[in-house]
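Below is one structure, written out as structure tokens, with a few remarks after it.
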Amino acid sequence: MYAIESCPSGQPDAGHPAQCAEQGGLILHLQENRSHLSQDARVTFTVLIAVFMAMAILPALRGQWLVPAYAIGTMALLVGVLDWHRHTQPAAEWLALDKGRLLWRSLAHETIEWPLAATRFVIDDSVPAHLRLFLEHRTRRIEIATCLGLDERRTVADLITREIAAARRGASSLSL
């Protein structure tokens, strides 16, 4: 999931309302998509758990106690992992292009600030099912948009490519 917070006028906003930046920059928030289960899905999972529990009790009636113990343990582990996942913060990144500089940060990395003119945006699509996006500056290279799905990465790659090119054109026209 991504949201465009500010962009130049006329820029497509991917269905999210965007406010135009005064200086003509871009602020892009990227976040892992964690859709909540609907009420129908929860009911379905509850019914499935009840059916599996009933099936685990049948071997116990014949004296096979390891089967229900294993089934109960497995379901408890699954419920615990799902609860842990719900309480952890989703992976998120932030990318900003403004005034000839590029800023990037994520929850797991320090904030990076590089001059836009010396920064390269690299799209690695050597494996069609796994698109990777990188920012390069001198000897440093970071992978961005790791929290997005494949289709979202493709869309964001096109957006970032256009915005970096527009920002470089704007910076070169200002320097002349």
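Quick notes on this one:
- A Förster distance of 41 Å, applied to the separation of the beta-carbon atoms of residue 62 and residue 42, puts the FRET efficiency at 0.80.
- The Stokes-Einstein estimate for the stretch 19-176, based on a Kirkwood radius over Cα pairs and taken at 25 °C with 0.890 mPa s viscosity, is a diffusion coefficient of 125 µm²/s.
- HN-Hα J in Hz across the stretch 142-147 - Karplus 6.51, -1.76, 1.60, θ = phi - 60°, x for Gly and Pro: 10, 8, 10, 6, 6, 8
- For the pair residue 125 and residue 69, a Förster radius of 45 Å applied to the C-beta separation gives a FRET efficiency near 0.40, rounded to the nearest 0.05.
- 5 angstrom amide H check on residue 93, placed H, neighbours 5+ away: 30, 31
- Applied to the stretch 104-110, the Karplus parametrisation 6.51 cos²θ - 1.76 cosθ + 1.60 on θ = phi - 60° returns per-residue 3J(HN,Hα) values of 9, 8, 9, 5, 9, 10, 6 Hz, with x for Gly and Pro.
- Spin-label model distance (nm) - residue 81 vs residue 150, 7 Å beyond Cα toward Cβ: 2.3
- Quarter the surface of the alpha carbon convex hull of the stretch 94-134 and you get the mean projected area, 3.6 square nanometres.
- Once all protein chains are placed together, residue 136 keeps about 40 Å² accessible to a 1.4 angstrom probe.
The values are calculated or read from the model by the stated rules, or taken from the named source; none is laboratory data. Not measured: the values here are computed from a predicted model. Don't worry about glycine lacking a Cβ; one is built from the backbone with ideal geometry, like all the others, and counts go over all protein chains shown. Ligands, DNA and RNA are excluded from the accessible area calculation, which covers all protein heavy atoms including side chains. Shrake-Rupley method; radii C 1.70, N 1.55, O 1.52, S 1.80 Å.
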